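Visitor: Mind having a look at this structure? Questions to follow.
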Amino acid sequence: GQQVMQIPQYQHVQEGEDFTTYCNSSTTLSNIQWYKQRPGGHPVFLIQLVKSGEVKKQKRLTFQFGEAKKNSSLHITATQTTDVGTYFCAGPMPANNNDMRFGAGTRLTVKP
Amino acid sequence: NAGVTQTPKFQVLKTGQSMTLQCAQDMNHEYMSWYRQDPGMGLRLIHYSVGAGITDQGEVPNGYNVSRSTTEDFPLRLLSAAPSQTSVYFCASRIGQGAGSPLHFGNGTRLTVT
């Protein structure tokens with residue numbers, strides 16, 4: 001079945017440094033979604049990418065979808081303590097758009 | 001709007017006990033789903049529903065039952081709890097079928113099975 005792999009599992013940065021998390025799928029994705037989960041909280045939707053090579057920005061966050069639609073990345077410029085949390089990517093199974101598979105997540109900690 | 005509401009927030013069960021985790025949404029979403037979250041494993045889909053009267057299995061359905069008698073409610077039943085079912089459970093809904101809209105998550109239920 002489809003595997004959605006996410007690296008790194010953990011990332012600890014100094015406030016002001018950049019951060020990137022990568023998501024790779026074993027199959028082509030029709031779209032990919034990114035979520036953020038604050039410590040003790042629930043996942044919250046950030047963005048969806050649909051087109052090959054798509055790049056979207058939300059303030060300091062930049063999301064990319066690979067040309068082959070099998071990988072994606074989230075880059076945060078100049079991290080802040082408010083960026084702390086776990087970032088998940090998620091993509092639908094090839095044969096079933098109702099079955100969303102999540103990566104294991106990247107847990108970001110930021111030292112002030 | 002309350003969004004997606006899950007009850008209880010915490011639960012401790014003994015092995016072999018049964019219980020129902022409640023999930024309700026007030027957004028008139030067609031799609032509802034249950035995920036479990038374990039350390040290092042992300043969120044894994046247990047069951048989902050695309051509308052009242054329709055349910056289907058996800059990645060890890062064994063040991064769980066669901067039903068969808070109304071659009072608003074999607075309870076998850078543990079038939080005979082096992083320690084391996086210790087986890088955080090999230091209910092999520094979205095506006096339509098297919099993967100084109102974002103999932104809205106509840107606050108979660110933290111379940112411990114001893």
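Visitor: At least 1 residues that are under 26 Å from residue B:96 (Cβ atoms) in each: list the strands (runs of 3 or more DSSP E) lying fully within the stretch A:56-111 that qualify.
Guide: Ranges flagged: A:61-65, A:71-76, A:85-93, A:96-102.
Visitor: Across the stretch A:61-97, what is the total count of residues that are open to solvent by less than 20 Å² (accessible area, probe 1.4 Å) and within 12 Å of chain B (Cβ to nearest Cβ)?
Guide: 6
Visitor: Check the stretch A:16-29 and report whether any residue there is open to solvent by 80 Å² or more (accessible area, probe 1.4 Å) and among the hydrophobic types (A, V, I, L, M, F, W, C).
Guide: Looking for residues that are open to solvent by 80 Å² or more (accessible area, probe 1.4 Å) and among the hydrophobic types (A, V, I, L, M, F, W, C), one finds none in the stretch A:16-29, hence no.
Visitor: Which residues, taken from the stretch B:25-37, are open to solvent by 20 Å² or more (accessible area, probe 1.4 Å) and assigned to a loop (DSSP other than H, G, I, E, B)?
Guide: B:26, B:27, B:28, B:30
Visitor: Say whether the condition of being in contact (Cβ under 8 Å) with a residue 60 or more places away in the chain, more than 13 Å from the chain's Cα centre (by Cα) and more than 11 Å from chain A (Cβ to nearest Cβ) is met by at least one residue in the stretch B:62-69.
Guide: From the stretch B:62-69, those in contact (Cβ under 8 Å) with a residue 60 or more places away in the chain are none; that's our starting set.
Checked the stretch B:62-69: no residue is in contact (Cβ under 8 Å) with a residue 60 or more places away in the chain, more than 13 Å from the chain's Cα centre (by Cα) and more than 11 Å from chain A (Cβ to nearest Cβ).
Visitor: Another question, then. Across the stretch A:36-55, which residue is nearest to the chain's Cα centre (by Cα) among those that are open to solvent by 40 Å² or more (accessible area, probe 1.4 Å) and more than 14 Å from every other protein chain (Cβ to nearest Cβ)?
Guide: Just the residues of the stretch A:36-55 that are open to solvent by 40 Å² or more (accessible area, probe 1.4 Å), to begin with: A:38-40, A:42, A:44-45, A:50-52, A:55.
Keeping just the survivors that are more than 14 Å from every other protein chain (Cβ to nearest Cβ) gives A:52, A:55.
On the way: A:52: 16, A:55: 13 Å.
Among residues in the stretch A:36-55 that are open to solvent by 40 Å² or more (accessible area, probe 1.4 Å) and more than 14 Å from every other protein chain (Cβ to nearest Cβ), the one nearest to the chain's Cα centre (by Cα) is A:55.
Visitor: A follow-up question, please. Is it the case that residue B:19 is among the aliphatic types (A, V, I, L, M) and touching a Gly at 6+ places or on another chain (Cβ under 8 Å)?
Guide: No; evaluated as a whole, the condition is false for this residue.
Visitor: Residue by residue through the stretch B:1-20, note down the ones that are closer than 22 Å to residue A:102 by Cα and hydrophobic (A, V, I, L, M, F, W, C).
Guide: Residue satisfying the conditions is B:4 alone.
Visitor: Could you check the stretch A:1-30 and list, in sequence order, the residues that are under 14 Å from residue A:90 (Cα atoms), within 12 Å of another protein chain (Cβ to nearest Cβ) and at pLDDT 95 or above?
Guide: Selection gives A:6, A:23.
Visitor: Would you be able to tell me the number of residues in the stretch B:93-114 that are part of a strand (DSSP E or B), aliphatic (A, V, I, L, M) and touching a His at 6+ places or on another chain (Cβ under 6 Å)?
Guide: Applying the first criterion (part of a strand (DSSP E or B)) to the stretch B:93-114 yields B:93-94, B:104-105, B:109-113.
From what's left, aliphatic (A, V, I, L, M): B:111, B:113.
Subsequent filtering for residues that are touching a His at 6+ places or on another chain (Cβ under 6 Å) retains none.
Result for the stretch B:93-114: 0.
Visitor: Going by the structure shown, is residue B:63 in contact with a helix residue (DSSP H, G or I) (Cβ under 8 Å, 6 or more places away or on another chain), modelled with pLDDT of 95 or more, farther than 25 Å from residue A:86 by Cβ and among the small types (Gly, Ala, Ser)?
Guide: Yes.
Visitor: In the stretch B:70-92, which residues are in a strand (DSSP E or B) and either at the interface with another protein chain (Cβ under 10 Å from one of its Cβ atoms) or modelled with pLDDT under 95 (or both)?
Guide: Passing the criteria: B:88, B:90, B:91, B:92.
The values are calculated or read from the model by the stated rules, or taken from the named source; none is laboratory data. In this text the structure is predicted, and so the values were computed from the model without any measurement. Glycine gets a Cβ as well: all are built from the backbone with ideal geometry, and neighbour counts include every protein chain shown. Note: accessible area is taken over every heavy atom of the protein model, side chains too, but ligands, DNA and RNA are not part of it. Shrake-Rupley method; radii C 1.70, N 1.55, O 1.52, S 1.80 Å.
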